[in-house]
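So the structure is just underneath, and the comments pick up after that.
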Amino acid sequence: MNRYLLNISYIGTTFRGIQKTVNKLEQSRLDTNSVQGCLELALRVFHPINEIQTVLSSRTDAGVHALHSTVQVDLEWPNGLPYDTTTLTGVLNRTLNKQGLPIRVLSSKLVSNSFHCRYHAIGRTYLYRFAVAKDTSLEDCNLRNKGYEAFIPVEEIDRCYFLQSSSFDINRVQAAARMFIGVHDFRTFMSVSRQKVSRDHPMFTVRKIDEIDIRPGETRALSSSAILAAETYNYWDIEIKAKSFLYKQVRRIVGALIALGNGRIDERCLYQMLTVPSKNSWDPRILLAPACGLYLCKVHYRETDI
């Protein structure tokens, strides 16, 4: 039996998330609405003699993308020899491409059977992309259709969060982001889990944010659309690094920072949510940042582990 580490990227718009759904009451079936299920289906082309079971290093929700994530899988061939990793990568990508799936295997690597892609990860970096309209006249009177009347480059649909805001203060956002760095009980910034076991306890909700970097971004539009996009919007990237995150923690942090930039809340509200950790401390004026702007950028490992 040989263990492989697959470095993958994907566009999450059409998937329910990366993790497959397992119903123990039903017969074993492939969940092709998930990234994991589609990968396991593609791996069947190699006809290993063992059952294909992939293990994820990180979980992403519906609509969230990944520039780099990792998956491990054990494969055994009748001759017992390891498979060529370059061929493994190429065949997987060809199979995924034939199915029209927005998943790409960046590389494959043979690793020790003691390696675990989740437990050996020392950190994860997420990126959130959003754009704020420069023309503030869009917020006159009725806002019902203003976001739909505004120009949005087609290349950026479901890839970035677009805001039509009259008074967005990015300097205020950058200053307040420092509050989140370090060790905190992020219970307020965790969405209610669908798991039956309660995780509403400090032993589960304390996390350390290593870095938060907010910097100017750029459009991914092309040609004349890129020119118009740059004229219409200021693009911003929020990059957050930590060893691990709670359920929807990144999207809640970003949503809170955007609400601050829009003037819906103030710094005191952020401070209270951090210092009085509770699901009841969440301010209802804050909107959860949409999944379309979130990317898992990197899963970090020590070189000696892989």
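The values are calculated or read from the model by the stated rules, or taken from the named source; none is laboratory data. Since this is a predicted model, take the numbers as computed values, not measurements. Note that we place each Cβ from the backbone using ideal geometry, even for glycine, and neighbour counts take in every protein chain shown. Only protein heavy atoms, including side chains, enter the accessible area calculation; ligands, DNA and RNA are left aside. Shrake-Rupley method; radii C 1.70, N 1.55, O 1.52, S 1.80 Å.
Values for this structure:
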| read-out | value |
| --- | --- |
| Bridge type composition, the stretch 1-120 - antiparallel percent by DSSP, nearest 5 | 95 percent |
| Ratio of the Cα radius of gyration of the stretch 1-119 to 2.2 N^0.38 Å, where N counts its residues | 1.01 |
| The stretch 208-304 - Rg over Rh from alpha carbon coordinates, Kirkwood radius | 1.03 |
| Lys98 accessible area, assembled protein chains, probe 1.4 Å, Å² | 150 Å² |
| Length released on extending from Val183 to Asp283, taking residue separation times 0.36 nm less the Cα-Cα span | 33.9 nm |
| Average accessible surface area per residue within the chain, 1.4 Å rolling probe, Å² | 52 Å² |
| Per-residue [θ]222 nm for the chain (sum of -39500 (n - 2.57) over DSSP H runs n ≥ 4, rounded to 500) | -6500 deg cm²/dmol |
| Largest to smallest accessible area among Met1, Met203 [probe 1.4 Å] | Met203, Met1 |
| Cut-off 9 Å between beta-carbons: net charge of the residues surrounding Asp237, Lys and Arg +1, Asp and Glu -1 | -1 |
| Span per principal axis, largest first, for the Cα atoms of the chain (Å) | 70, 50, 41 |
| GNM flexibility winner over the chain from Arg94, Arg207, Arg124 (Cα, springs under 10 Å) | Arg94 |
| Heavy-atom SASA rank of Val71, Val22 (probe 1.4 Å, accessible area, largest first) | Val22, Val71 |
| Residue-span extension gain [Gln272 to His116] - 0.36 nm each, minus C-alpha spacing | 52.4 nm |
